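See structure below.
The values are calculated or read from the model by the stated rules, or taken from the named source; none is laboratory data. What you see is a predicted model, and the numbers here were worked out from it, not measured in a lab. No Cβ is skipped: glycine too gets one built from the backbone with ideal geometry, and neighbour counts run over all protein chains shown. Note: accessible area is taken over every heavy atom of the protein model, side chains too, but ligands, DNA and RNA are not part of it. Shrake-Rupley method; radii C 1.70, N 1.55, O 1.52, S 1.80 Å.
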Amino acid sequence: WRGETVPVIQFESLNGRSETVAGARSRCLLIMNRARRANGREFYGLVAAGLPRIVHLTDDDIANQSVRLGPAEVAALRVGTETAVVPNLSFIEELLATLP
């Protein structure tokens, strides 16, 4: 990506889950611009299921979910009829800083 080698992380594996998405076509790669640059890496990739989409929300559209969170998650929310997790970017970027 932009002339750099980009480490790629599967989000589920950071939480100790071995969930996989059926079919390689149902995956996409999100390139993340790091908040803090370490080890000379400015970007990293997250494997995602499906295509990301922008959702415009109001406070009334969101409800906290009481679910067990993994170390790579900071919150789980009910958005309409779906559950969405908020990634713990600090945890992910600290983990990336340990890579050679």
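Selection of region 1-12 for residues being free of Cβ contacts under 8 Å to residues at least 24 places away in the same chain and surrounded by 14 or more Cβ atoms within 10 Å (Cβ to Cβ) yields only GLU12. Output the residue which, of all residues in region 88-99 that are assigned to a loop (DSSP other than H, G, I, E, B) and without any contact (Cβ under 8 Å) to a residue 40 or more places away in the chain, is least open to solvent (accessible area, probe 1.4 Å). Restricting to residues being assigned to a loop (DSSP other than H, G, I, E, B) and without any contact (Cβ under 8 Å) to a residue 40 or more places away in the chain, the top hit is ASN88.
Looking only at residues of region 7-48 that are within 18 Å of ALA72 (Cβ to Cβ) and assigned to a loop (DSSP other than H, G, I, E, B), we find that the one that is modelled with the highest pLDDT is PRO7. Scanning region 58-100 for residues that are aliphatic (A, V, I, L, M) and more than 24 Å from LEU29 (Cα to Cα) yields a total of 3. Looking only at residues that are assigned to a strand (DSSP E or B) and more than 16 Å from GLU12 (Cα to Cα) in region 49-87, which one is most open to solvent (accessible area, probe 1.4 Å)? Among those that are assigned to a strand (DSSP E or B) and more than 16 Å from GLU12 (Cα to Cα), it is ASN64.
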